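First up is the structure itself, then whatever we jot down about it.
The numbers here are math on the coordinates, done by the rules we state, and not lab data. These figures come from a predicted structure and were not determined experimentally. Heads up, the Cβs are rebuilt from the backbone with ideal geometry, glycines too, and the neighbour counts pull from every protein chain shown.
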Amino acid sequence: MLLCVCVWQNVDKQRACAAASRCVGGGCERLVVQVCVFDQVGLTVLEWGRLEVVVYLSVVALVSYSLTEAAAVICNELISLRRHPRKLEIQAVGSTFGTFFRVTTYGESHGGGVGCVIDGCPPRLPLSEDDLQVDLDRRRPGQSRITTPRKETDTCQIYSGVAEGVTTGTPIMVKVPNTDQRGHDYSEMSLAYRPSHADATYDFKYGVRSVQGGGRSSARETIGRVAAGAIAKKILKKFSGTEVLAYVSQVHQVVLPEELVNHETLALEQIESNIVRCPDPEYGEKMIDAIDAVRVKGDSVGGVVTCIVRNAPRGLGSPVFDKLEAELAKAALSLPATKGFEFGSGFAGTFLTGSEHNDEFYTNNQGKIRTKTNRSGGIQGGISNGEIIKMRIAFKPTSTIGKKQNTVTRGKEETELLARGRHDPCVVPRAVPMVEAMVALVLVDQLMAQYAQCQLFPINPALQEPMLLPELEPIRVSL
């Protein structure tokens, strides 16, 4: 046990250590006493096995105590901790996202199933499995010839957090069973690393990995994100009328011109009108042809997904380290196969001068401050300004392909690998709902933060806008 004794600067440190040792040393197998000097607040650090617990112990009152009495106070605190252990919040490393609306995903590509646990969802939100299934169907494999032929229904089940059709405010657990696993397809890849895949880096980090399907590095992990994102999108729509829409704007060398898409009127039906999820039918066919050309050769291509957010409340995001675009970038780049992120004018903005790039303000007919252009992409100074938020995410070509490639084995021997299994020749059509989900998760988290920080007390109506609280009928839940 590690005991950190906190004392005042005018207290003899050796005597403090000796007193604390007499109080707690008898019941400890190992006691290391460290001394920290604080003005008013100290730390008692306990180490139970591998778990380190940090407990704040106020020593303000100790200034009037004798040294023995001060040590007794510390001793009593330790005894209390042993009898009544403090609850700890432990997050799965790298698998939890969000602060107020927290999502932890679980499961692997060829395990029993995948899913998520959502903590922080507001109570009394109407919710059913059908609400989640819509986006899960958009994400699922086997939709068309340009996606992986793996056949999964991806039917979700809600195990907790919902009663009588509404959320209860407690954690929501969602699970989707895996039903079409073919672990034998990965026998060769258990020994040899797939080029540009996470096989090698997982081994470098953990010294062990799930061979079948890539384990947690598989895009099948995103099922939990999409399910949670569907809930986030519903909250945003009900609370502020916010819409999150994504579409494919590039496949390989086929680039959809920006002027062909009107972001003010873009509808989900336009995006879903073809299997590649491009809102322009002509360019959609060109993209499908580009995917087919490499699919028949066992190769793959990448592309770009554009995402827009309409009716986002002003004020989302915080200065410096928690800027909205930084949070969105982290969320988007956490998706498998992502290689780039830009928002607003992006890298093209570097070719403009300040006078060309600046978005000039004006007052519209409703007396609302708007911008004439939107090169800022709806975010200025890390905070949403009420305009359409626009971003683009680049996805690399699928790394698992049906062509021979040079690689090495886990034993460091050079070899050739012809990957087997069922894989997408292009990930971007199925990445569309994944991008929407991650963007929605960021926005609902920021919405909660903004409401808690800046909307609890009366606002400044000359500068701030009230959050659009919906007029909803009270939901009656039987007790």
| query | What is the number of the single condition among (1) without any contact (Cβ under 8 Å) to a residue 60 or more places away in the chain; (2) closer than 22 Å to Gln446 by Cβ that Val305 does not meet? | reply | (1)
| query | Any residue at all in region 274-296 that is without any contact (Cβ under 8 Å) to a residue 60 or more places away in the chain and within 23 Å of Leu328 (Cβ to Cβ)? | reply | yes
| Count of region 98-131 residues which are aromatic (Phe, Trp, Tyr) and closer than 13 Å to Met448 by Cβ | 2
| query | How many residues are assigned to a loop (DSSP other than H, G, I, E, B) and surrounded by 15 or more Cβ atoms within 10 Å (Cβ to Cβ) when one looks only at region 352-408? | reply | 18
| said: Given the options Ala348, Ala326, name the one that is in a helix (DSSP H, G or I), surrounded by 14 or more Cβ atoms within 10 Å (Cβ to Cβ), out of contact with any Leu (no Cβ under 7 Å at 6 or more places or on another chain) and not charged (D, E, K, R). | reply: Ala326
| Restricting attention to region 144-175, which residues are outside any strand (DSSP E or B), surrounded by fewer than 16 Cβ atoms within 10 Å (Cβ to Cβ) and among the polar types (S, T, N, Q)? | Ser144, Thr153, Thr155, Thr170
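Restricted to region 215-243, and to residues that are of a type in the set (S, T, N, Q) and over 17 Å from Gly94 (Cα atoms), which residue is farthest from the chain's Cα centre (by Cα)?
Initially, region 215-243 is screened for residues of a type in the set (S, T, N, Q), giving 217-218, 222, 240, 242.
Checking which are over 17 Å from Gly94 (Cα atoms) leaves us with 240, 242.
Details: Ser240: 21, Thr242: 19 Å.
Taking the candidates together, the pick is Ser240.
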| message | Restricting to region 106-141, give me the number of residues that are without any contact (Cβ under 8 Å) to a residue 60 or more places away in the chain, out of contact with any strand residue (DSSP E or B) (no Cβ under 6 Å at 6 or more places or on another chain) and surrounded by fewer than 17 Cβ atoms within 10 Å (Cβ to Cβ). | response | 3
